[in-house]
Amino acid sequence: MLAIDRLRVQYGKQTALLVEQPIEIGAGDRVGVIGSNGAGKTTLLKAVLGLVPYQGRIRTRLCPQDIAVHMQQNNYVNTMPVKHIISAVLNTDVRTDETLRGLVDFFDFGGCMGKKFSALSGGQKQRLTIILVLYQDAPLTFFDEVTSGLDFETRQKLMEKIREWYRGKESALVVVSHYYDELERLADRLLILDKGRVAAFGRTEELFRRYCGRAVVTIPANDKNRALTAHLKTISAPAHLIAFPCADEAEEARLTALLTGKNIDYRRSGTDIEILYSNVLSGGEPL
Amino acid sequence: MKKLTLRLVGYELRNAAGNWFSVFFGVAFPILMSLLISKAFAGDMPVEAVPAFETGVFISMSLIVPMATLLVGYAANYSQELEKEIPLWLRLFGCSEGALLGAKMIANLIFMTAALAVYTIADMLILDIETPAAGSALLLAASIYLLAVILFMLAHGAAALFGKFGPTYAVTMTLYFGLMIICGLMGVPVNRLPGGVQALAGVLPMTYIGNDFAGFWQGGAYDPGPLILSFAVLGAVSFAVLLLGIWKRRRKGFA
């Protein structure tokens, strides 16, 4: 569906993005793109959409209208209620279009149709764009930080709605996000970018096995826990956590028994993207 | 890419009507100006001269409608859209720059027509306007629409060149009042302006419409040569600004 190879985007003399190994996105893929600010996430989207000049190859059989996109910043005119904007952008009648009505109801947006864009809340503004994007029912859709700036509850609800909408569909999604929990529930592949370079790309489970092992057990990083587990092997983790890799079931059982015995609260995960991300960036050496 | 549709034109029409710059400067302002000028001067002249004078005021102030709705109002609106990257966003939804430009022009001409109708009805109610010869009224209408298309190109090009509301508004407002003064629409006749300014007024169609049209309003001969030439000059300059603006946006990858 989309193949990216030897892609380079320059802003002046600075290389904003360099993709040296091929990246392929197929039908039904759910790709999460993560990286810190300036890692090249939005630049990658802009290159695919042809909004920035680039060197290298981006191959796709899709026409521009087969690619839908939800950019980070979305603005609309404030001179009319949003229902007229929806009607013009989608070239449809908002009163009679069943698909559109279904989307408006699905996202609880009916009460906002008569409001101007400036009168919508942050969550409502995002829902408006999501409705416009989903209506296109494109084979490939990009979401660039859809939930940025929203409160936790709104964020959770919105992502749950998107997940529900795409359940069982063959559309490919590329979701750029800073929130690991969103990607854990939505993405089956990860593209990790760091300082404009691809740090890792592949199926989430495979990457996790490669960089973290079969599972990871994490405990709070306090002095007591550090002392009690000083003899155990750890891997990179956010500052507030200590992470232990488990290569197999037996190792995991021994570790959890030890932690239970010492009355230490722990959390076990086989897909923790935050730990995975941390280990990819800490040196990039697989286990 | 989506083509020019009626819905897109309807959207742009709502966009133009919801823009207070166009509503105030294009509808309210010319009515107020014609009322103020006629009341300020008509009282000092013989009663029999008032209809001809007020007809002249009506014709010259009618030029404010295209200048305000297109040059000021449209440029203000479009530059704000550019600042918010709305045209880029619409492009990502498959609306081509060409379809948008076409929809904007048609919608703004419709809006100007409505503004012109309101202005004409209001002035007919408050001023003593002479009944025109059909040819004179048609020439005035044709000139206003041609001027509107030219000013649309100038406004679109200026907004695309600056890409931001602030500088676009400053430049178009300066042009708006500057052109009104140069063309003798602010009360000072062109022949009392400095020589250089008079030469500049000679290549602006508003000068001929505002000062000559009252002379043959009820019939008579008129040499349209200088008017046509002035349209060609202003049209060429505006087209060049439009091309420059489109070129700049393409260079930045926005179109």
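Across chain B, how many lysine pairs, 8 or more apart or on two chains, come within less than 16 Å at their alpha-carbon atoms?
Here the count comes out as 6.
Would you please give the residues with an amide H less than 5 Å from that of residue A:197, counting only those at least 5 places away or on a separate chain, with H modeled from the backbone geometry?
Amide H neighbours of residue A:197: A:18.
Probe radius 1.4 Å, ligands and nucleic acids ignored: give me the carbon and sulfur share of the accessible area of chain B as a rounded percent.
72 percent
I need to check one value: relative contact order of region A:10-75, counting alpha carbon pairs closer than 8 Å and at least 6 residues apart, in percent.
26 percent
At a threshold of 8 angstrom on Cα-Cα distance, excluding pairs fewer than six apart, so keeping six or more, what relative contact order does region B:28-157 reach in percent?
About 45 percent, as a whole number.
Name the lysines eligible as straight-distance cross-link partners of residue A:161: C-alpha to C-alpha under 17 Å, and not fewer than 8 places from it in the same chain.
Excluding near neighbours in sequence, the set is A:125, A:169.
Total accessible area buried between chains A and B, 1.4 Å probe, in Å² to the nearest 100?
2100 Å²
When N counts the residues of region B:115-255, how does its alpha-carbon radius of gyration compare numerically with 2.2 N^0.38 Å, as a ratio?
Taking the Cα Rg and dividing by 2.2 N^0.38 Å, one obtains 1.19.
Can you pull a Stokes-Einstein diffusion coefficient for region B:120-178 at 37 °C (0.692 mPa s), Rh from Kirkwood over Cα pairs, as a whole number of µm²/s?
234 µm²/s
So what is the accessible area of region A:152-255 per residue, in Å², with the probe set to 1.4 Å?
For region A:152-255, the solvent-accessible area averages 50 Å² per residue.
When the dipole is taken about the Cα centre of region A:26-124, and only Lys, Arg (+1) and Asp, Glu (-1) are charged at their Cβ, what size is it in debye, to the nearest 20?
380 debye
Mind jotting down the three principal axis lengths of region B:181-255 based on Cα atoms? Whole angstrom, largest first.
That gives 52, 29, 18 Å along the principal axes, largest extent first.
Let me check the size of the protein assembly as shown from its C-alpha atoms; what are the radius of gyration and Dmax in Å?
Cα radius of gyration and Dmax of the protein assembly as shown are 31.7, 111 Å respectively.
Does region A:223-262 classify as rounded, prolate or oblate by the C-alpha gyration tensor (a ≥ b ≥ c root eigenvalues; a/c under 1.5 gives rounded; else a/b over b/c gives prolate, otherwise oblate)?
Taking the square roots of the gyration eigenvalues as a ≥ b ≥ c, region A:223-262 is oblate.
Per-residue mean of other chain beta-carbon atoms within 10 angstrom of the beta-carbon, peptide A:85-93?
Per residue, the average neighbour count from other chains is 6.
Return the carbon/sulfur percentage of the accessible area of chain A, one whole number, probe 1.4 Å, all protein chains in place.
Within chain A, the accessible surface is 46 percent carbon and sulfur.
Antiparallel as a % of all DSSP beta bridges within chain A, to the nearest 5?
For chain A, the DSSP antiparallel bridge percentage is about 60.
Let me know the charge dipole size of the protein assembly as shown about its Cα centre in debye, to the nearest 20, where only the beta-carbon of Lys, Arg (+1) and Asp, Glu (-1) is charged.
For the protein assembly as shown, the charge dipole is close to 1420 debye.
Report, to two decimal places, the Cα Rg of region A:1-156 normalised by 2.2 N^0.38 Å (N = number of residues).
1.16
Using the 2.2 N^0.38 Å rule of thumb for compact globular proteins, work out how chain A stacks up: its C-alpha Rg over that value, please.
Output field value: 1.14.
With the calculation restricted to Cα positions, what are the radius of gyration and Dmax of region A:62-115 in angstrom?
According to the Cα coordinates of region A:62-115, Rg and Dmax are 12.4, 35 Å.
Can you sort B:22, A:148, B:96 by solvent-accessible area, 1.4 Å probe, largest first?
Descending order: A:148, B:96, B:22.
The values are calculated or read from the model by the stated rules, or taken from the named source; none is laboratory data. This is a predicted model, so every value here is computed, not measured. So basically every Cβ, Gly included, is an ideal-geometry build from the backbone, and we count neighbours across all protein chains shown. These area figures cover heavy atoms from the full protein model, side chains too; ligands, DNA and RNA do not enter into them. Shrake-Rupley method; radii C 1.70, N 1.55, O 1.52, S 1.80 Å.
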